[in-house]
1. Counting helices only, and only those DSSP H runs with n ≥ 4, report the 222 nm mean residue ellipticity of the chain as the sum of -39,500 (n - 2.57) divided by its residues, in deg cm²/dmol to the nearest 500.
2. Principal axis extents for the range 369-515, Cα atoms only, whole Å, descending order, please.
3. Run a plain Debye calculation on the range 254-384 (Cα atoms as equal point scatterers, no solvent) and give log10 I(q)/I(0) at q = 0.16 Å⁻¹, rounded to two decimals, same order as the q list.
4. Expressed as a whole percent, how much of the Cα-Cα distance distribution for the chain exceeds 31 Å?
5. So if I take the alpha carbon set of the range 167-254, get Rg, then get Rh from the Kirkwood formula, what is the Rg over Rh ratio?
6. Order the peptides 401-414, 509-522 from the highest to the lowest mean number of other Cβ atoms within 10 Å of their residues.
7. With just the Cα atoms defining each centre, how far is the range 325-347 from the range 535-586? Give it in Å.
8. I need the semi-axes of the equivalent ellipsoid of the range 2-55: take the C-alpha gyration tensor, multiply each eigenvalue by 5, square-root it, list largest first in whole angstrom.
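Just so it is clear, none of the values below were taken in a lab; they were calculated from the coordinates. What you see is a predicted model, and the numbers here were worked out from it, not measured in a lab. Neighbour counts run over all protein chains shown; Cβ positions are idealised from the backbone, glycine included.
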């Protein structure tokens, strides 16, 4: 049984997934294995009713402690646990742990709540933190069910793993030695794990581009303790103040990480391109590499804009000239690949991402809006091409693995987007009909018409929200937004379990062992693994977004009364959602703040209209707002109009 943060409850059964009736949860909790009955009230949706709990998933939880004489009370931080638990008067665990009212504690469940009795817990410990616990972030971690700690035995076994590059080269399996090639990593300045390294050179009138990906599956065997733990997590989660990794740090930040000036094992894709960037051929191989530079996106952008000299790039001794030449070639290839993808129907959404910068105490000090740059595009295009090459090879061979599939958007979603775009005057005539059919050319045209206008970001957001979410499937169904016949995630096995599955399938194919016992075992679990990876990806993304919202709201709590310009990005009966220009922060401009009159809601136009003044407030319009208040714990910012 699964409980979402919104409170909806579903249960997976051999007959399918069903929603649990509002009063049918009874004493069950999220993650429990339950016995259910199914009913169809008056021929409507079949609902599940919990009849009993077979196995409990939650033995302990994080909560806020209070003392109400004579009982202790623990309120779970996990919003999916909707009951309070009690510490009995004869239980002195709170005193033994030095716990006081208001402290966050780890509580172990002694008795689960039932219909007529309350839950009973004992206090195990009070979590320690160098800078204190950030309660809103801890609440997000608990509510999304993120696994923060690794078992100690697993950490010990992972710490014992050595890179073993020389041993791997001598093992007999085909592994190319690329350690003398000019390859480099490009990542955010604060990155600690390096999945990928790239290289490029001119070959005749064309190019050779190489992408080297950390050979995680060499160290993480199928069914090993580390693999089983990674299978539960399925991905790393990047919160505003920390990373919750898929793999132990000794692997993700050391043994598997392609660190500069250190020999590392990789799986490489070597691609030959024509003079216009078209793919001519591709080959894959196990390899050993040695990165010659660890560069940040800012450094690469500075080099490409010629505000940073080649001698200023942090490279291995004697490699600056080759590294700078490689960057120029990769930049040229990226421009050609963008053009080719555009011509085949790939849709590039121009989005912005707000990232909060924190001080050492975890307080927000700035909001940085990340945009696509030449440096990020350079890496993106290389990774997209490598992913396509691997997916096409496996698909052509009929190999099942975790393909990344993106379906054409639903017509109803595009119709909703069309209404907004018509209000903005961006879609007319035949373009409207083409847009509703999901024509990628029509979507490209709308995005290009909006480029450089004040509505650009909003139009990108509207059309992006109309898209279906990409998921993992055991079979190849293509990728609509990329215009790719086959696509998979291959380039980040340190932080995504789906990539690890693809690596295993690729190696089996290269070795001629596609029908091996291991691949048969993976095949039997593949559908469920793909679903888990898709589900946990949504969980991870939601937790990351919510953690950013918490700190963004905290940042604006010191700016109450200040005015900002923005654009209306959403409209509901109760108010307008406004995105600020510089920070991309979103907040609510409530209907009551629009004036002392009644407002009617026009769903078709996504607008509010004053019944007396006739003034229309609609999605896409520009507004100036003042920060009226914030609720950091809920990640909420409230706006008002300056003249009010």
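1. Values: 15 runs with 189 residues, N = 644.
Roughly -9000 deg cm²/dmol at 222 nm, from the helical runs in the chain.
2. In descending order, the Cα extents are 57, 32, 20 Å.
3. -1.07
4. 61
5. Details: Rg = 16.4 Å, Rh = 15.7 Å.
Checking Rg against Rh, the ratio lands at 1.04.
6. Working: 401-414: 19.9, 509-522: 14.0.
Descending mean neighbour count gives 401-414, 509-522.
7. Their Cα centres are 33 Å away from one another.
8. Values: eigenvalues 56, 31, 21 Å².
Whole-Å semi-axes of the equivalent ellipsoid: 17, 13, 10.
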